[in-house]
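Working notes, beginning with the structure itself.
The values are calculated or read from the model by the stated rules, or taken from the named source; none is laboratory data. Predicted model only: the values in this text are computed from it and were never measured. Cβ atoms come from the backbone with ideal geometry, glycine included; neighbour counts cover every protein chain shown. Surface accessibility is based on the protein's heavy atoms, side chains included, excluding ligands, DNA and RNA. Shrake-Rupley method; radii C 1.70, N 1.55, O 1.52, S 1.80 Å.
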Amino acid sequence: MQKYSYTKFKTVLKKTNNIIITTHWSPDGDAMGSSLALYNYLIKLGKNVKVVVPNAYPEFLDWLPGNKQVIIHQKNETKVEKLVKAADLIFTLDFNSFKRIEKLGELIEKANKPIVMVDHHQMPDDYASYYFHDVKACSTCELIFDLIVGLGGKKLIDKKIAACLYTGIMTDTGSFRYPSVTAKTHLVISELLKTGMIPADIHSAIYDTYSFERIKLLGYLLSEKMALVDDLPVAYFGITEAELKKFNYQKGDTEGIVNYPFSIKGIKVCALFMESEGYIKISFRSKGKIDVNKFAREHFNGGGHINAAGGKSDLSLDATVNKFITLAKTLF
Ligand code: 5GP
Ligand code: MN
């Protein structure tokens, strides 16, 4: 997708007032960080902006500036229908297929409004009028930074906007350690730090807020549930709803767990399968050229990035895990 011109987009933006920002199902740090950074920037331009997310997001993100005005579509369908009807422009952040926002996607698709895509996932659909899409970006937050700067708004990036952007870049790069991190990423961070934003506070707000049960769940999964696929450098977890219940599971409690087996020497692929709201939610991670985006698209109704993707399965947990074990060799 050809990146749209910032200069031309500035003219587009000038003509709009009612703006909706939306992001993917089960919003993560980059989804909420990018949405709220853009929100805080656009309200500074005097726009009427609403952030609408398809469903709830983890509590460790609810300190983000602008959090209070976020509307959850699943809980406010009528209100969101009205907002979409009145919108002049809709931003879709950190995803690239209406499938990723479920019922909200159908609503937006039908509304036929101009759409802006800002995203860094593989293989974007072609529903937007304006694309700021780049798979090389470490995060959607990095692209939002570029967009704000491109629109001439660098001076408007304050502590609040910087905190949102820092959150997304930090969480989507595993705290600046994934191969997606570039010199550019660190240059962006350097600009954000100049606003006076305090990185240590953000690390604490995201990572030092576990409940007692969440850390117990992590211990249980590592000691009892982590398994290896025979003869392959592949590790996985299969988690039942009952197990989650036992540890008083809250949204976001399993975030990051899929990566732990990479600490085992030689492991190249990790997977996590979890019973959730009537289906199996899947996370895949890989090293190097092993393409879990393609794997998730072909076999598990999902997608994402080459080294980090997700998907869904309507089979039982055991059947899904067995399907994965059978197919795992095709990754190599
Ligand atoms: P996670 O495993 O952290 O949920 O997701 C990893 C990556 O894959 C994220 O970039 C996320 O946006 C993407 N992803 C997760 N689940 C799905 C899915 O069901 N479909 C698609 N297309 N992408 C997904
Ligand atoms: Mn992202």
Restricting to Cα pairs under 8 Å and 6 or more apart, the percent relative contact order of the chain works out to 14 percent
Mean accessible area per residue over the chain (1.4 angstrom probe, all protein chains present, square angstrom) is 47 Å²
As straight-line cross-link partners of Lys47, the qualifying aspartates and glutamates (C-alpha separation under 15 Å, not fewer than 8 residues apart within one chain) are Asp88
Of the convex hull enclosing the alpha-carbon atoms of the chain, the direction-averaged projected area in nm² is 16.3 nm²
When the chain is treated as a Gaussian network with springs between alpha carbons less than 10 Å apart, the largest mean-square fluctuation among Arg177, Arg285, Arg214 is found at Arg177
Rounded to the nearest 500, the 222 nm mean residue ellipticity computed for the chain from DSSP H runs (n ≥ 4, each -39500 (n - 2.57)) alone is -11000 deg cm²/dmol
Inter-part gap, Cα centre of region 112-163 to Cα centre of region 1-73, in whole angstrom, is 10 Å
With +1 at each Lys and Arg Cβ and -1 at each Asp and Glu Cβ, the charge dipole magnitude of region 2-207 around its Cα centre, to the nearest 20 debye, comes out at 840 debye
Counting only protein heavy atoms with a 1.4 Å probe and every protein chain in place, the carbon and sulfur fraction of the accessible surface of the chain in whole percent equals 52 percent
In whole Å, largest first, the alpha carbons of region 226-332 cover along the principal axes 36, 28, 24
GNM of the chain, Cα pairs under 10 angstrom: of Ile101, Ile290, Ile20, the biggest fluctuation goes to Ile290
Rounded to the nearest 5, the percent of DSSP beta bridges in the chain running antiparallel is 40 percent
Set Lys265/Lys287; Lys8/Lys110; Lys113/Lys251; Lys68/Lys160; Lys79/Lys99, cut-off 24 Å on Cα-Cα distance; pairs above it are Lys8/Lys110; Lys113/Lys251
